[in-house]
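K.L.:
Encoded as structure tokens, here's the structure I'll be asking about.
The values are calculated or read from the model by the stated rules, or taken from the named source; none is laboratory data. The shown structure was predicted, so the numbers you read here are calculated from the model rather than taken from an experiment. Every residue, glycine as well, gets a Cβ built from its backbone with ideal geometry; the counts of neighbours run over all protein chains shown.
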């Protein structure tokens, strides 16, 4: 086994050209918009868990982020103490950058869950280790990454986790992929594949992992007007499309569908600087799409935009909206969902409610769950309505929200509906959500 590097140490088989903790500032960032990124790549793990593509991942992600105006810090093969130190330094820089800063943490290496905790494994750790050992040594996604970064609802924090295996057999067999997670305000979280499922990585050091390859390609090619939220959905589509069309049949059979959890408050463009309003047929047509709340209307107008302006300024955004609206319509068509057109009325609630409603109409599972909880608590100028809460959570589940499914399971258990409780608990686990042991024990 190669010895894991402490901070500042490399072996020859690591990427020699990659500077450890080297910050590169890209000129041209607009005044008042600080973009900071920490890219961590851990390759060195005990045999057979070594990950050859990781050095290339870190190089390519760093270069692509720099072109988008990020000040990028890179770190490689960190043992736990060094990993914690780098995270602490990055969190301090983000706090110093102000509440509106844009921060991205990108991790490429092994990630697992133990006792419902999402863990990022430090260099040298054994992914097949006992849960107690992993919990005692690994970096915890919530405690060590998200909590120090996400008290900035007016900014944007992104956590991107490309956790992978090099063995197709392992990917088909293992069920220790990352757990579904709800993002705090101002945050977006993306996993390389669905919750509860490991991702696959090539063994060739000259190739990227599938997720990182798509991430870099889309980041380099996407129009400036695409938001970061839309960007991650374009990456998701590109990963799935790339793998479904792969020449190797075994790869096609395990095509990844990346997981996205989002609770962003601001629409922030990939392009640097402030968006310039241009009054054209293109922008006016897009403005009509942007104001709609009923998924069927959103879909119809997005498709109309794409027919009229296939190469338009907002074509990439329209494609994301179209695909999200299709998912929304399919979810509303389920027999399990008791939610109707009147539920998407925009003439009630406050501005925060309408912002969430707009996202939910475009297939955002997390926004749908937040709307349901608004109704449960009678918040944001909405009357308390448990039927609406139940309907919105059912809709969120159909969109893939395992946490919402477990919330419903607990509700049905408490209201003496064991058949529904069992069904929604099973659905939660199928969607990749493992309840924390304390919550699971209280349920029993």
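K.L.:
Looking for whichever is over 18 Å from residue 122 (Cα atoms), in contact with a helix residue (DSSP H, G or I) (Cβ under 8 Å, 6 or more places away or on another chain) and either at pLDDT 95 or above or assigned by TED's automatic domain parsing to the domain that holds residue 158 (or both) here; the options are 64, 97, 17. Which one fits?
P.N.:
64
K.L.:
Does the stretch 134-148 contain any residue that is closer than 29 Å to residue 70 by Cα, part of a strand (DSSP E or B) and at pLDDT below 90?
P.N.:
Looking through the stretch 134-148, none of the residues is closer than 29 Å to residue 70 by Cα, part of a strand (DSSP E or B) and at pLDDT below 90.
K.L.:
Checking the condition buried (at least 17 other Cβ atoms within 10 Å of the Cβ), out of contact with any helix residue (DSSP H, G or I) (no Cβ under 9 Å at 6 or more places or on another chain) and modelled with pLDDT of 95 or more, which residue from 228, 215 passes?
P.N.:
228
K.L.:
Report the residue count in the stretch 392-444 for those that are at pLDDT 95 or above and at positive phi.
P.N.:
The qualifying residues number 2.
K.L.:
Among the residues of the stretch 245-257, is any in contact with a strand residue (DSSP E or B) (Cβ under 9 Å, 6 or more places away or on another chain), in a loop (DSSP other than H, G, I, E, B) and either at pLDDT 90 or above or within 30 Å of residue 99 (Cβ to Cβ) (or both)?
P.N.:
yes
K.L.:
Let me ask another. Can you tell me which residue is modelled with the highest pLDDT among those in the stretch 355-391 that are closer than 16 Å to residue 185 by Cβ and not in a helix (DSSP H, G or I)?
P.N.:
Within the stretch 355-391, the match that is modelled with the highest pLDDT is 364.
K.L.:
Condition check: modelled with pLDDT of 95 or more, under 30 Å from residue 209 (Cα atoms), more than 19 Å from the chain's Cα centre (by Cα) and outside any loop (DSSP other than H, G, I, E, B). Does residue 326 satisfy that?
P.N.:
The answer is yes for residue 326.
K.L.:
Also, quick follow-up: Restricting attention to the stretch 89-125, report how many residues are more than 17 Å from residue 137 (Cα to Cα) and in a loop (DSSP other than H, G, I, E, B).
P.N.:
Residues meeting the conditions: 4.
K.L.:
Do the conditions hold for residue 393, that is, is it out of contact with any strand residue (DSSP E or B) (no Cβ under 8 Å at 6 or more places or on another chain) and crowded, with 23+ Cβ neighbours inside 10 Å?
P.N.:
Criteria met by residue 393.
K.L.:
Considering 361, 346, 430, which residue is crowded, with 20+ Cβ neighbours inside 10 Å, in contact (Cβ under 8 Å) with a residue 24 or more places away in the chain and either in contact with a strand residue (DSSP E or B) (Cβ under 6 Å, 6 or more places away or on another chain) or not assigned by TED's automatic domain parsing to the domain that holds residue 258 (or both)?
P.N.:
361
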